[in-house]
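Trainee: Input: one structure, supplied below.
The values are calculated or read from the model by the stated rules, or taken from the named source; none is laboratory data. Keep in mind that this is a model prediction, so the values were computed, not measured. Don't worry about glycine lacking a Cβ; one is built from the backbone with ideal geometry, like all the others, and counts go over all protein chains shown. Remember, those area values only see protein heavy atoms, side chains included, never the ligands or the DNA or RNA. Shrake-Rupley method; radii C 1.70, N 1.55, O 1.52, S 1.80 Å.
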Amino acid sequence: MFRRRKGLQFYQKEKKLKPEHVQEIFEMIFSTFVVIFIALAITYFVGMRTSVIGDSMEPALYNGQEILINRFIYNFTSPKRGDIVVFLPNGNQKTHYYVKRVVALPGETVQIIGGRVYVDGEMLEESEDFDKIVNPGIAENEITLGVDEYFVLGDSRNNGEDSRSGNIGAIKKDNIIGQAWFRFKHDESEMGLVE
């Protein structure tokens with residue numbers, strides 16, 4: 001005996017994938033891979049990631065904070081006053097990268113008088129965040145920078161070593177790895193471009 005089912009019956013219509021949809025999916029996957037490849041290529045060829053060591057760049061950068069270095073920019077232009085540069089002191093490959101701010105440029109004279117930086121005899125206008133310098137180091141006497149030399153200081157002026165230290169001194173352009181370009185999140189600070 002044949003029984004009928006009681007209640008409503010639903011028939012599902014079989015869905016077919018249209019060729020346009022398949023093409024859109026492949027285009028989206030391809031575009032995603034292209035974007036990832038370009039981002040990795042830019043990071044590998046232009047950028048380099050490193051960590052800030054010490055608290056000499058506070059409040060701009062913090063100890064242990066990771067930054068992305070633009071290794072490419074100084075092939076086309078020279079560091080400018082205010083740039084945060086990453087360098088190896090005296091080209092020493094066996095030390096960590098130093099991260100400091102450029103305060104004096106090639107051919108300029110620099111001296112620290114009364115805790116303030118003077119470039120070509122005029123006091124450098126700086127942020128109120130920078131401490132008055134307690135120890136001028138070798139910059140107690142006027143220093144004339146060579147054609148490829150830069151004078152760099154940390155933002156937290158009384159912490160860490162910089163161009164005031166005799167073992168570091170003026171930084172040659174060849175020893176500059178690149179410009180600190182992007183900072184990654186550290187505690188409650190935001191990630192973003194380095195200023």
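Trainee: Ordering TYR62, TYR98 by how much accessible area each has at a 1.4 Å probe, largest first, what is the list?
Mentor: In descending accessible area the options line up as TYR62, TYR98.
Trainee: With every protein chain left in place and a probe of 1.4 Å, what is the accessible surface of GLU24, to the nearest 10 Å²?
Mentor: Accessible surface of GLU24 is approximately 110 Å².
Trainee: Now, a different point. Modelled label-to-label distance, THR77 and ARG116, 7 Å Cα→beta-carbon offset: nm?
Mentor: About 2.9 nm, to one decimal.
Trainee: How would LYS94, LYS173, LYS185, LYS16 rank on accessible area, largest to smallest, probe 1.4 Å?
Mentor: Result, largest first: LYS94, LYS16, LYS185, LYS173.
Trainee: Tell me the accessible surface of SER127 in square angstrom (1.4 angstrom probe, heavy atoms of protein chains only), to the nearest ten.
Mentor: For SER127, the solvent-accessible surface is approximately 60 Å².
Trainee: Would region 36-195 count as rounded, prolate or oblate if I go by the C-alpha gyration tensor, calling it rounded below 1.5 in a/c and otherwise prolate when a/b exceeds b/c, oblate otherwise?
Mentor: Verdict is prolate for region 36-195.
Trainee: I'd like the Karplus ³J(HN,Hα) series for region 117-122: coefficients 6.51, -1.76, 1.60, θ = phi - 60°, whole numbers in Hz, and an x wherever there's a Gly or Pro.
Mentor: With coefficients 6.51, -1.76 and 1.60, one gets 8, 10, 10, 6, x, 10 Hz.
Trainee: If you don't mind, another one. Past 22 Å, Cα to Cα: identify those pairs from LYS132/LYS185; LYS94/LYS132; LYS80/LYS100; LYS100/LYS185, in the order given.
Mentor: LYS132/LYS185; LYS94/LYS132
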